[in-house]
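These notes are about the structure you will find just below.
Every number in this text was worked out from the coordinates using simple rules, so none of it is lab data. Note that the structure is predicted; figures quoted are calculated from it, not measured. Reconstructed Cβ throughout: ideal geometry from the backbone, glycine too, with neighbour counts over all protein chains shown.
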């Protein structure tokens, strides 16, 4: 499981947790997150997320 | 000479760094020099109005140090360097006594805050927050204080009001308009945000202005045109931004409300480009995140040699007032139509529809805010 971070606002998408508020089940891999999903905090798209190392 | 010269980007805000990041996805070889008047620390400006809510100070909001950005992006950074001119015939950027040759020059130097000229001796307590260094100064000055007065009830004024209440400060907002966020939100949505901010404890003084700010006790006293007074420890001035155009004008670039560029982000002068808060792109001055990210992606390709026009989609603006989540997609200025409003308390769904029922813009607050993405899909993109 990986984490992806929004480069604009720092929000983290954790594959293990998914994003249930938007119907994305826990365990959903980043590539399976719908292409039109946007950052819930600042509205940028998936292309503005980058994979981050888990500290 | 231009063959060997680097790409030079002026500005290390969200526009400058996003452009550099996108450019490096296309081209890892071409030398890039980034010039900034400040310290070059990477941060996201929209997050400056979330510090108290997220429990972050200026250091917490910093995303990466200057050194780390230089390394990550493979660029050379010139910090504390102020541009004094552009010699576009010679392809040189002028930094005081120094001249820096460029092959392509990108202006991403942002916007200036508008400062009102107000009488009184309390000006040293008036802060504008337009970058991380401003934010740092504001947070330091706020230490020990409890009361903040905000001039301006626009997006920034409202976001700071909410954030400071979340930090348990007393907040007074003073603005000449009769509603919050005039020109951005339709009235029912504006009223909903104002009501929730009031429920949170924000005190609004609308339809008046600050006449004087004088030292008073430990803080300052603001005398309003209405005759009221407001006491505060600090004042935030959030009355608007103006794209930085003066140096561009002096250099002979076409300017309007911003530095005028076409959809390929080209100014009127060869090899000089602009994006972000300083730019007027195809007639649009949009001081928001989504447009600048779209511009950064297009311009990165152009700089690599593949001329690319930006295509603005539908770009809702998220307003960070957590007490009343709000998103807005203003209809075009020249759009014909009417607002259709449904509401349930402070949850408002306002749709701007034309005669044939097409949605050309919207504003959603409260529990309707989650509809922003599905609504955005119905609104025609700015560039069809």
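If you check B:5, B:62, B:70, which single one turns out to be surrounded by 16 or more Cβ atoms within 10 Å (Cβ to Cβ), within 14 Å of chain A (Cβ to nearest Cβ) and in contact with a strand residue (DSSP E or B) (Cβ under 7 Å, 6 or more places away or on another chain)? Before you say what the answer is, go through the steps one by one.
On the way: B:5 fails: within 14 Å of chain A (Cβ to nearest Cβ); B:70 fails: within 14 Å of chain A (Cβ to nearest Cβ).
One residue alone meets the criteria, B:62.
With respect to residue A:36, is the statement that it is within 23 Å of residue B:56 (Cα to Cα) and at the interface with another protein chain (Cβ under 8 Å from one of its Cβ atoms) true?
When the stated conditions are applied, residue A:36 does not pass them.
Please verify whether region B:203-213 includes one or more residues that are surrounded by 23 or more Cβ atoms within 10 Å (Cβ to Cβ) and in a loop (DSSP other than H, G, I, E, B).
Taking every residue of region B:203-213 in turn, none turns out to be surrounded by 23 or more Cβ atoms within 10 Å (Cβ to Cβ) and in a loop (DSSP other than H, G, I, E, B).
Among the residues in region B:47-55, are any in contact with a strand residue (DSSP E or B) (Cβ under 7 Å, 6 or more places away or on another chain) and away from chain A (no Cβ under 14 Å)?
No, because not a single residue in region B:47-55 is in contact with a strand residue (DSSP E or B) (Cβ under 7 Å, 6 or more places away or on another chain) and away from chain A (no Cβ under 14 Å).
Residues being within 20 Å of residue B:222 (Cα to Cα), touching a helix residue (DSSP H, G or I) at 6+ places or on another chain (Cβ under 8 Å) and buried (at least 20 other Cβ atoms within 10 Å of the Cβ): count how many of those fall in region B:129-152.
Final tally of qualifying residues: 4.
So, in region A:1-33, exactly how many residues are outside any loop (DSSP other than H, G, I, E, B), touching a strand residue (DSSP E or B) at 6+ places or on another chain (Cβ under 6 Å) and away from chain B (no Cβ under 14 Å)? Working first, answer last.
So the first thing to find is which residues in region A:1-33 are outside any loop (DSSP other than H, G, I, E, B), and the list is A:3-6, A:12-14, A:19-22, A:24, A:30-32.
From the residues that got through so far, the ones that are touching a strand residue (DSSP E or B) at 6+ places or on another chain (Cβ under 6 Å) too are A:3-6, A:12-14, A:30.
Filter once more, so that each one left must be away from chain B (no Cβ under 14 Å): A:3-4, A:13-14, A:30.
Here the count works out to 5.
Working only within region B:322-338, note down all residues that are touching a helix residue (DSSP H, G or I) at 6+ places or on another chain (Cβ under 8 Å) and away from chain A (no Cβ under 13 Å).
Matches in region B:322-338: B:323, B:324.
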